[in-house]
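Asker: Dropping the structure in here first, questions after.
The values are calculated or read from the model by the stated rules, or taken from the named source; none is laboratory data. The model shown is predicted, which means the values in this text are computed figures rather than measured ones. Glycine gets a Cβ as well: all are built from the backbone with ideal geometry, and neighbour counts include every protein chain shown.
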Amino acid sequence: MKFIKASSMLSVMALTAITSSMTLADDAGWYIGGNLGQSNADIDDARITSSLLDGGFTVNSIKDDDRDTGYKLFGGYQFNKNVAVEGGYFDLGEFNFKSTTIPLGTFDGSIKLRGVNLDLVGFLPFTEKFSAFGRIGVNYAEAKDSFSGTGFVNVLDRNPSERAANLKAGVGLQYAFNDSVAMRLETERYRINDAVGNKGDVDLISVGVVYRFGKKTQSVPVAAPIVVAPVVTPVAVAPPVQKFKKYTLSATELFAFNSDKVNMPQQKLVEIADALKESDSPKNIVIVGYTDRLGSDEYNQKLSERRAIAVKNYIASNGVDASRLTVEGKGEADPVVTCTDKKKADLIECLKPNRRVEIDQITVKIPVENK
């Protein structure tokens with residue numbers, strides 16, 4: 001007896017795109033989340049009626065309960081802004097039917113569905129906050145059926161069950177509130193074996209929340225412009241000479257130890273931003289982050305990249321075109337000093353010069369003195 005059959009996939013709602021300064025996925029990272037919504041199965045009343053007729057019964061009435069609350073819990077890894085892999089647990093709920101027969105009797109049935117899944121997810125960003133996504137994957141579901149009969153109806157196998165792997169797919173929309181938290185609206189279709197020899201589809205329409213690890217919302221205030229009163233002097237002054245210069249900024253002054261959040265205020269970064277706004281040359285300014293040798297190579301590489309990005313965002317927030325700023329992380333490469341201290345506190349202090357951010361190709365004006 002077929003209990004579930006394919007139902008139509010619901011169309012996804014269109015949302016208004018809103019632009020912001022947060023990028024969907026600046027780099028790779030882990031995330032977790034959960035969805036809650038309504039599941040729907042189309043109960044095949046015609047198949048139930050046919051099965052009862054084969055047993056010599058006429059169906060008087062059938063009442064279906066084909067909707068329930070479903071949910072899922074998941075974790076994933078984002079490789080870049082377009083591709084991620086997700087796996088998790090789902091519970092699609094329980095669906096029931098009740099029928100009355102002639103000769104006098106009743107025939108009732110229910111099915112509970114839950115399992116695990118693994119999906120490949122592709123994202124299509126519309127703006128820096130708003131994107132669409134699609135998924136294709138495999139679900140391994142457990143179907144537990146329960147049948148009962150009264151009167152002249154006798155059920156031989158009352159509690160069949162089955163576990164099987166099948167395909168699943170879905171589409172949805174995602175809106176990021178900040179670097180760490182996003183909301184999803186999605187619809188999915190699970191292919192299911194119903195434990196009595198048939199396959200069908202169950203749809204889940206749900207709303208969920210996603211939390212990304214290692215992402216922190218950073219609010220960067222825009223520094224007020226500095227107004228300098230003109231100085232009048234009778235002495236003739238030669239015009240300033242432009243020169244390209246590399247700035248080396250101590251990470252100790254910019255960040256707390258093992259952090260990528262810029263300490264406030266940062267007057268030196270404001271001065272660099274003011275110098276860049278005076279001229280559109282050079283077109284490309286390189287910001288390179290470095291760490292000391294403490295910690296793993298992979299962690300130091302990521303930390304140096306995040307620090308370079310934080311400095312870029314700070315300078316851009318002060319009126320510099322972000323397209324002129326290129327970031328790079330070099331981890332613990334190119335150390336300035338070498339330290340052999342045994343005590344950790346002394347070693348951290350000794351390695352301070354290695355924790356730095358370098359900004360190359362800054363144009364500065366050097367006044368030429370008259371002699």
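Asker: With the requirement that a residue be out of contact with any Phe, Trp or Tyr (no Cβ under 9 Å at 6 or more places or on another chain) and over 23 Å from G33 (Cα atoms), what does region 57-93 give you?
Answerer: Hits for region 57-93 are T58, N60, S61.
Asker: Checking the condition at pLDDT 60 or above and either touching a Lys or Arg at 6+ places or on another chain (Cβ under 9 Å) or surrounded by 17 or more Cβ atoms within 10 Å (Cβ to Cβ) (or both), which residue from A165, A182 passes?
Answerer: Numbers: A165 fails: either touching a Lys or Arg at 6+ places or on another chain (Cβ under 9 Å) or surrounded by 17 or more Cβ atoms within 10 Å (Cβ to Cβ) (or both).
After applying the criteria, what remains is A182.
Asker: Report, by residue number, each residue of region 238-289 that is of a type in the set (D, E) and modelled with pLDDT under 80.
Answerer: At the first step, the residues of region 238-289 found to be of a type in the set (D, E) are 253, 260, 271, 274, 278, 280.
Within region 238-289, just D280 meets the criteria.
Asker: Further question: Would you pick out the residues in region 327-350 that are over 35 Å from the mean Cα position of the chain (by Cα) and either within 23 Å of Y314 (Cβ to Cβ) or of a type in the set (A, V, I, L, M) (or both)? Step through it out loud before you land on a result.
Answerer: From region 327-350, those over 35 Å from the mean Cα position of the chain (by Cα) are 336-347, 349-350; that's our starting set.
Residues satisfying the conditions are V336, V337, A345, L347.
Asker: Out of I315, I359, I need the residue that is assigned to a helix (DSSP H, G or I) and more than 25 Å from the chain's Cα centre (by Cα). Which one?
Answerer: Working: I359 fails: assigned to a helix (DSSP H, G or I).
Step by step, each of I315, I359 is checked, and only I315 is assigned to a helix (DSSP H, G or I) and more than 25 Å from the chain's Cα centre (by Cα).
Asker: Another question about this same structure. How many residues does region 24-76 hold that are in contact (Cβ under 8 Å) with a residue 60 or more places away in the chain and in a strand (DSSP E or B)?
Answerer: 17
Asker: OK, next. When only residues in region 77-128 that are among the aromatic types (F, W, Y) and in a strand (DSSP E or B) count, which is farthest from A165 (Cα to Cα)?
Answerer: First, the residues of region 77-128 that are among the aromatic types (F, W, Y): 77, 79, 89-90, 95, 97, 107, 123, 126.
If we keep only those that are in a strand (DSSP E or B) as well, we get 77, 89-90, 95, 97, 107, 123.
Numbers: Y77: 23, Y89: 14, F90: 14, F95: 20, F97: 25, F107: 29, F123: 25 Å.
Going through the qualifying residues, I end up with F107.
Asker: Consider only pairs whose beta carbons are under 9 Å apart and that are at least six residues apart or on different chains; among these, list those whose first residue lies in region 344-358 and is in contact (Cβ under 8 Å) with a residue 60 or more places away in the chain and among the aliphatic types (A, V, I, L, M) and whose second residue is part of a loop (DSSP other than H, G, I, E, B) and loosely packed, with under 15 Cβ neighbours inside 10 Å.
Answerer: I348/F257; I348/D341
Asker: What's the number of the condition C350 fails, among (1) of a type outside the set (D, E); (2) touching an Asp or Glu at 6+ places or on another chain (Cβ under 7 Å); (3) at pLDDT below 90?
Answerer: Unmet for C350, out of (1) of a type outside the set (D, E); (2) touching an Asp or Glu at 6+ places or on another chain (Cβ under 7 Å); (3) at pLDDT below 90: (3).
Asker: Would region 2-14 turn up any residue that is small (G, A, S) and modelled with pLDDT of 85 or more?
Answerer: So far as region 2-14 goes, no, none of its residues is small (G, A, S) and modelled with pLDDT of 85 or more.
Asker: Counting only residues that are in contact (Cβ under 8 Å) with a residue 40 or more places away in the chain and aliphatic (A, V, I, L, M), which one in region 115-162 is surrounded by the fewest Cβ atoms within 10 Å (Cβ to Cβ)?
Answerer: L124
Asker: Turning to a different aspect of this structure: Is one or more of the residues making up region 137-152 at pLDDT 95 or above, in a loop (DSSP other than H, G, I, E, B), farther than 17 Å from I48 by Cα and not β-branched (V, I, T)?
Answerer: no
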